[in-house]
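Every number here is computed from the coordinates shown, using simple stated rules; none is lab data. This one's a predicted model, so the numbers in the text were calculated from it and none came from an experiment. Cβ coordinates were reconstructed from backbone atoms using ideal geometry, including for glycine residues, and neighbour counts include every protein chain displayed.
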């Protein structure tokens, strides 16, 4: 067995110019249910040790990087050989040099001793599993809409990070995942739906709501008509597809995107001109209740904190890796785990007014992180027009966030999806909606 201390000795004598160690120990419980009958379960205790080395050129102006996972069972000679291989790989491709995070910049003790300040949210995997199982048993089912199977994964991860600059910090946080398959049946036809939900500990209310919503989506897909050709139409997002929309904002205040020219958003400047709709306020959060990303330190040893990134449609700051933040001369950078987008000016009911298409499920929905172009194929939507509602399926949506950001609207109410808290209902204006083939 090779320890972190063994690895530091090997790295210090390896000839590399800098290094990082990430050690993740996981205590996990897994459960596999068919309907609500337990099929199997197991307990896991795992460890993953990742080594990253850096090599500089002769004048120190450029630096290369290489990473690999070292099995905890590796012998000392195997670990030395792996580090030697990484050192060779790191010297092959080099970027402008930058410095790694340091203890004094990161808030850690200068002595480099472990800091367990991130362990306040420690959770018991037994209690987590119990909450998941009881919640799934409480989901209302019918003879035509029910749960086919589900798998529960409950983990508590303890991460220790060390680097050649003297950082040595430890943080623990819970992480869970549940995969659910549901069925809906009508007149000999059946819809099977798959969902995966990530959380920290179990959020009972959110999980029950999400699974119940999926059952309803399956039921309504069996009633759907083909989506007509709508031309320009407002589209409402009230499910996890909206994450793609808000990830576009997150990407544009990422130091890597700014440095590489993918984003031209600058601190103190509006993200778009002539904005008449709701203006986005985006924050990075140190912690978010029931998130799976509540580590006190990021993957590079920097402390995670609350930070304004966009306020009322104006860029406030950037987040990102040490590499790109250094290139932009940002001294206090970090990689956030959680994000929040503040609510808008109207209620969810106020957003749902007039003529619009609310898409509940896409076969695929994407927002291009660079161009902002959106594209999605509709599996289920509700077309609201003149007080009438039609259930539709098929067709597609398209347009660009560069246009939508000027007039978009979103609700005061928020909805959480693991590590992101966003408006519960988002409305994009004048989206191009193509009809399904053979639509009347």
* Alpha carbon centroid spacing (whole Å) that separates the range 119-160 from the range 12-60 -> 23 Å
* **Within a Gaussian network of the chain (alpha carbon springs, distance under 10 Å), most fluctuating of 194, 150, 356** => 194
* Specify the residue with the greatest mean-square fluctuation among 198, 219, 62, computed from a Gaussian network of the chain linking alpha-carbon atoms under 10 Å apart. => 62
* Running Debye on the range 4-219 with equal point scatterers at the Cα sites and no solvent, what base-10 log of I(q)/I(0) appears at q = 0.10 Å⁻¹? -> -0.64
* **the range 258-359 shape via C-alpha gyration tensor axes, a/c threshold 1.5** => oblate
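Per the helix-only calculation at 222 nm, which mean residue ellipticity applies to the chain, given -39500 (n - 2.57) for every DSSP H run of n ≥ 4 and division by its residues, nearest 500 deg cm²/dmol?
Values: 10 runs with 89 residues, N = 440.
The per-residue figure over the chain is -5500 deg cm²/dmol.
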* Using Cα centres only, tell me the gap between the range 168-188 and the range 338-374 in whole Å. => 23 Å
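Taking other Cβ within 10 Å of each residue's Cβ, how do 222, 328 sort, fewest first?
With the fewest neighbours first, 222, 328 line up as 328, 222.
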* Structure fact -> One can check that the equivalent ellipsoid of the range 1-78, built from the alpha-carbon gyration tensor with semi-axes equal to the square roots of five times its eigenvalues, has lengths in Å, largest first, of 39, 15, 8
* **In degrees, nearest ten, helix 204-221 long axis to first principal axis of the chain (Cα)** => 50 degrees
* Determine, for 400, 273, 340, 175, the number of other Cβ atoms within 10 Å of each Cβ, and report the residues in order from fewest to most. => 273, 400, 340, 175
* **Cα-based Rg of the range 372-440 normalised by 2.2 N^0.38 Å, two decimals** => 1.27
* To do: Quote to one decimal, in nm, the extra length available between residue 345 and residue 37 on full extension: 0.36 nm per residue of separation minus the C-alpha distance between them.
  => 106.3 nm
* Asked: Does anyone have the angle between helix 76-90 and the longest principal axis of the chain? Alpha-carbon axes, 0 to 90°, nearest 10?
  -> 70 degrees
* Asked: Considering the values (1) 143; (2) 156; (3) 166, which represents volume of the Cα convex hull per residue in Å³ as calculated for the structure under consideration?
  -> (3)
* **Global size of the range 224-440 as Cα Rg and Dmax, reported in angstrom** => 18.1, 59
* Structure fact -> extent check for the range 187-284: Cα max minus min per principal axis, descending, whole Å, gives 58, 43, 25
* At residue 413 and residue 8, where each label point lies 7 Å from the Cα along Cα→Cβ, what is the point-to-point distance in nanometres? -> 5.1 nm
* Structure fact -> Nearest 10, in degrees from 0 to 90: the angle of helix 125-137 to the longest Cα principal axis of the chain is 10 degrees
* Would you list 58, 289, 300, 316 from fewest to most Cβ contacts within 10 Å? -> 58, 289, 316, 300
